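Engineer: There's a structure below that I have some questions on.
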Amino acid sequence: MATLQDPANQAKANFLIIESRVGLTFALIARDTNDIEKRKRATHDARKAYDTACRLRNKAHMNEKEIDRLNRNLLRLKEELQLLGETV
């Protein structure tokens, strides 16, 4: 999956993509619940995933397809977070 064949680098690239997808999952949970505490927790977890992926994205060498996938996920996650009232 990753541009370089280094297993550690591939793990980093996979982690970033998975982290962005996990963040999206939490954002959707927050958006779809009527439970205020559950919304707060899910929003917090979505934001944490977003911040982590953004912070670590330059530490992995990814091919164009991976970069595109990560960028799309992060953009969608950012939009979801903003809808949930987060300043991103």
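The values are calculated or read from the model by the stated rules, or taken from the named source; none is laboratory data. These numbers were taken from a predicted model, which means no experiment stands behind them. In this analysis, Cβ positions are derived from the backbone assuming ideal geometry, glycine residues included, and neighbour counts consider all displayed protein chains.
Engineer: Taking into account only those residues within segment 50-86 that are acidic (Asp, Glu) and out of contact with any helix residue (DSSP H, G or I) (no Cβ under 7 Å at 6 or more places or on another chain), which is surrounded by the most Cβ atoms within 10 Å (Cβ to Cβ)?
Structural biologist: If we take residues in segment 50-86 being acidic (Asp, Glu) and out of contact with any helix residue (DSSP H, G or I) (no Cβ under 7 Å at 6 or more places or on another chain), then ASP51 is surrounded by the most Cβ atoms within 10 Å (Cβ to Cβ).
Engineer: Let me ask something else about it. Please find, among LEU83, LEU24, the residue that is closer than 19 Å to LYS12 by Cα and aliphatic (A, V, I, L, M).
Structural biologist: Result: LEU24 is the single residue among LEU83, LEU24 that is closer than 19 Å to LYS12 by Cα and aliphatic (A, V, I, L, M).
Engineer: Those residues that are in contact (Cβ under 8 Å) with a residue 24 or more places away in the chain and farther than 18 Å from GLU80 by Cα, I need them from segment 17-62; list them, please.
Structural biologist: LEU56, ARG57, LYS59, ALA60, HIS61, MET62
Engineer: Would you check which residues across segment 28-49 are outside any helix (DSSP H, G or I) and either surrounded by fewer than 13 Cβ atoms within 10 Å (Cβ to Cβ) or in contact with a strand residue (DSSP E or B) (Cβ under 7 Å, 6 or more places away or on another chain) (or both) and list them?
Structural biologist: ASN34, ASP35
Engineer: Hey, another quick one. Does LEU4 satisfy the condition of being of a type in the set (A, V, I, L, M), surrounded by fewer than 18 Cβ atoms within 10 Å (Cβ to Cβ) and modelled with pLDDT under 95?
Structural biologist: Considered against the rule, which asks whether it is of a type in the set (A, V, I, L, M), surrounded by fewer than 18 Cβ atoms within 10 Å (Cβ to Cβ) and modelled with pLDDT under 95, LEU4 comes out as yes.
Engineer: Test ASN71 against the criterion of being more than 8 Å from the chain's Cα centre (by Cα), closer than 20 Å to ALA8 by Cβ and part of a helix (DSSP H, G or I), and give yes or no.
Structural biologist: Judged against the criteria, ASN71 is not a match.
Engineer: Sticking with this structure for a sec: Going by what's in this entry, would ALA30 be described as small (Gly, Ala, Ser), more than 12 Å from the chain's Cα centre (by Cα) and over 18 Å from ARG76 (Cα atoms)?
Structural biologist: No, not satisfied.
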